[in-house]
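Participant: Before anything else, here's the structure in question.
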Amino acid sequence: MVFTDKTEKGFETLIVNWLVDQDGYQQGTNEDYNKEYAIDETRLFRFLNDTQPKEMAKLGVNQSDQKKRQFLNRLSGEITRRGIIDVLRNGIKAYPADLILFYFTPTENNEQAKRLFDKNIFSVTRQLRYAIDASKLALDLCLFINGLPVITIELKNHFTGQTTADAVEQYKKDRNPRELLFSFKRCIVHFAVDDQTIQFCTKLCGKASWFLPFNKGYRDGAGNPPNPEGIMTDYLWKDILTKTKLSRIIENYVQVVVEENPETRKKSVKQIWPRYHQLDCVEKLLADVRQYGVGKRYLIQHSAGSGKSNSIAWLAHQLIGLERDGRPMIDSVIVVTDRRILDKQIRDTIKQFMQVKNTVVWAQHSGDLKKAIQDGKRIIVTTVEKFPYISQEIGQEHINHTFAIIIDEAIRDRAGGMQPI
């Protein structure tokens, strides 16, 4: 698709047309949008009535405006309290009904799960008038899943003399976080996009909003490589925002985490969206294991501040979920660190990213590994000092098990050189 209309409206049209024509998104309108609850009400009830008619009948929302309002109040309250990520993953209880709000991507050969996944409604609304007052403030693009907003996008392009930096300023100055749509955890991520670069933010807070790059990188530096087939940033809508990829990101990557300052003990809540290099790295590793099976070695180069702990957590979490012919490809993942501070940091990170509790354990002593495996622990974290004992035990007693070993730092020998693993 050629970018012939160089205006911002033309850029918007290009993205919407691709999502609708190539990936099966529906196109929403402002008439579908309920400003009071920040939802696409049309598609929310279309999805629920189509997929869960018995539960909807229990609620009586289709027969009573009062019950509809009670339900929408309940839904809005749950999103405010738990966040959109948890609501999509786990649904809500609205007495006397239990409602699913998103069907996950299907596992191999699961036709029923595939049919349910295909019932999800992905939609995009352009120039969304979100303000509850009479102002004509409008957001360039908003993406919804089953009527629930998940992503906002502000677009700029160099042909009109504006860039991603202008989109970032627009979010900081014009998108009030007190507006329901822009409140924390109501959406998963906010993208500032032009034809060359992308930035994102997961918590809008005026001038203090913190945006990070979401670029591929070019020649070992920032930015994006030239794209002979079109716009440099088209990977956003042609890959990241596709139904399948976005669903996998929601299921496996995004998360609300609690972080504690070790000095002040002050806790802060953060919403995590992966940076491009993190997502690209983990997805490539998983794809290679799916295609070629276990037994290969991989070396990942990273820099300080690249979010290594999160990348390790995402990889470990998804490695234990890989299946072939209905059986797990990997019995346990062992994460090896060479610093005690990082050991605790990675343990805490992995635990917060795990959706199934009691799957992570710390193997402080060599005997802990055997117990962890016997107890069905899928992810084991240990330090390099303990690893030789653990590796011996793996070889001797668990020859029939398959392990993935993630080593968190290059291990140095006594002379200070790099020691291959």
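The values are calculated or read from the model by the stated rules, or taken from the named source; none is laboratory data. Please read these numbers as outputs of a predicted model, since none were measured by experiment. Glycine gets a Cβ as well: all are built from the backbone with ideal geometry, and neighbour counts include every protein chain shown. Side chains are part of the model used for accessible areas, which takes the heavy atoms of the whole protein and leaves out ligands, DNA and RNA. Shrake-Rupley method; radii C 1.70, N 1.55, O 1.52, S 1.80 Å.
Participant: So what's the angle, to the nearest 10 degrees on a 0 to 90 scale, between helix 65-82 and the longest Cα principal axis of the chain?
Facilitator: Here the helix axis deviates by roughly 40 degrees.
Participant: Related question: Restricting to Cα pairs below 8 Å that are 6+ residues apart, what does the relative contact order work out to for the chain? Please round to a whole percent.
Facilitator: Over the chain, the number comes to 11 percent.
Participant: Report, in degrees rounded to the nearest 10, the 0 to 90 angle that the Cα long axis of helix 164-174 makes with the longest principal axis of the chain.
Facilitator: Helix 164-174 and the main axis of the chain meet at about 60 degrees.
Participant: If you don't mind, another one. Using heavy-atom solvent-accessible surface (probe 1.4 Å) with all chains present, what is the largest-first order of TYR95, TYR130?
Facilitator: The most accessible residue leads, giving TYR95, TYR130.
Participant: Over all directions, what mean area does the Cα convex hull of the stretch 1-129 project, stated in square nanometres?
Facilitator: Quarter of the Cα hull surface area: 9.8 nm².
Participant: State to the nearest 20 debye the size of the charge dipole of the chain about its Cα centre, where the only charges are +1 on K and R beta carbons and -1 on D and E beta carbons.
Facilitator: For this selection, approximately 1160 debye.
Participant: Match the structure shown to one of the listed values (i) 20.9; (ii) 23.5; (iii) 22.8 of Kirkwood radius over Cα pairs in Å, computed from it, and give that label.
Facilitator: (ii)
Participant: Related question: Please determine, in degrees from 0 to 90 and to the nearest 10, the orientation of helix 243-252 with respect to the longest principal axis defined by the Cα atoms of the chain, where the helix direction is its Cα long axis.
Facilitator: For 243-252 against the chain, the angle is about 50 degrees.
Participant: Here is a further query. If you take the square roots of the eigenvalues of the alpha-carbon gyration tensor of the stretch 245-297 and sort them as a ≥ b ≥ c, do you get rounded (a/c under 1.5), prolate (a/b over b/c) or oblate?
Facilitator: prolate
Participant: Hey, another quick one. I'd like the accessible area for THR264: 1.4 Å probe, protein heavy atoms, all chains in place, Å² to the nearest 10.
Facilitator: Near enough 90 Å² of accessible area.
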